[in-house]
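The values are calculated or read from the model by the stated rules, or taken from the named source; none is laboratory data. Owing to the predicted nature of the structure, the values given are computational and were not obtained by experimental measurement. Virtual Cβ from ideal backbone geometry, glycine too; neighbours counted across all protein chains shown.
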Amino acid sequence: MRVEVKNIDAQSFVDLFPPCNGCIYWESPGLFRDGGHGRQWLSAKKATESKYDWFKKTLKTFGRCGAVLYLDGKAVGYSQYAPPSLLPNVMEYAQSVSPPSWDAVLISCLYIRPEHQRRGLGKTLFQKVVGDIGESGCRAIETYARDDLSDNCSGPTRFYLENGFTLVTTKKWERAVFSLLRLKLTE
């Protein structure tokens, strides 16, 4: 089993898999909709272009902001992170759960395909993300995670608590329970 993690760039972006390659939930909430039967995108091509444009812009203004995890050469994991100001859908979470700290970088996605979960790959991807964010000089990392569902885009609350995060707040929002979690990188 050969595991490799690459930062998002033009080449690794092409390797992103569905639904991650077209999910614009955090970057372009105006183009994203929930059709009542799960998440749907207005146009797969437009969504992918929008996501790629977000990565190009964020790479220029912030630096590294995502990674792809490969298992034996095949992309099976994905992570995305940025300052909250670069993730427009943070405003909805700020109003419904709790606002993030503006000194933190927010992990918006940390996802391993279901058939590859429970093999330590999530922790490998997570360690790469924490290392990248730490190298950028940021003081902390935060994320919104689900307490009541383990298979979601940012991962389960339990995972973050097991990896050094502390609970900032927990709140029921619509039919789900979300926690805002924080990991201090520097004092």
Self-check item: Residues that are out of contact with any Leu (no Cβ under 9 Å at 6 or more places or on another chain) and closer than 17 Å to Val168 by Cβ, drawn from region 127-153
Solution: Arg146, Asp147
Quiz item: Is one or more of the residues making up region 110-124 in contact with a Ser or Thr (Cβ under 6 Å, 6 or more places away or on another chain) and at pLDDT below 90?
Solution: no
Quiz item: Of all residues in region 142-164, which are farther than 22 Å from Glu115 by Cβ and under 10 Å from the mean Cα position of the chain (by Cα)?
Solution: Thr143, Tyr144
Exercise. Output the qualifying pairs, or none if there are none: Cβ atoms under 6 angstrom, residues six or more apart or on different chains, first residue in region 118-146 and under 18 Å from Ser179 (Cβ atoms), second residue modelled with pLDDT of 95 or more and loosely packed, with under 14 Cβ neighbours inside 10 Å.
Key: Ala140/Lys184
Quiz item: Out of all the residues in region 89-108, which are touching a Ser or Thr at 6+ places or on another chain (Cβ under 6 Å) and more than 16 Å from Ser136 (Cβ to Cβ)?
Solution: Ser98
Practice problem: Run down Thr186, Thr169 and say which single residue is farther than 16 Å from Ser79 by Cβ and in a loop (DSSP other than H, G, I, E, B). | Solution: Thr186
Self-check item: region 17-35 - residue that is more than 23 Å from Gly73 (Cβ to Cβ) and aromatic (Phe, Trp, Tyr) and, of those, modelled with the highest pLDDT
Solution: Trp26
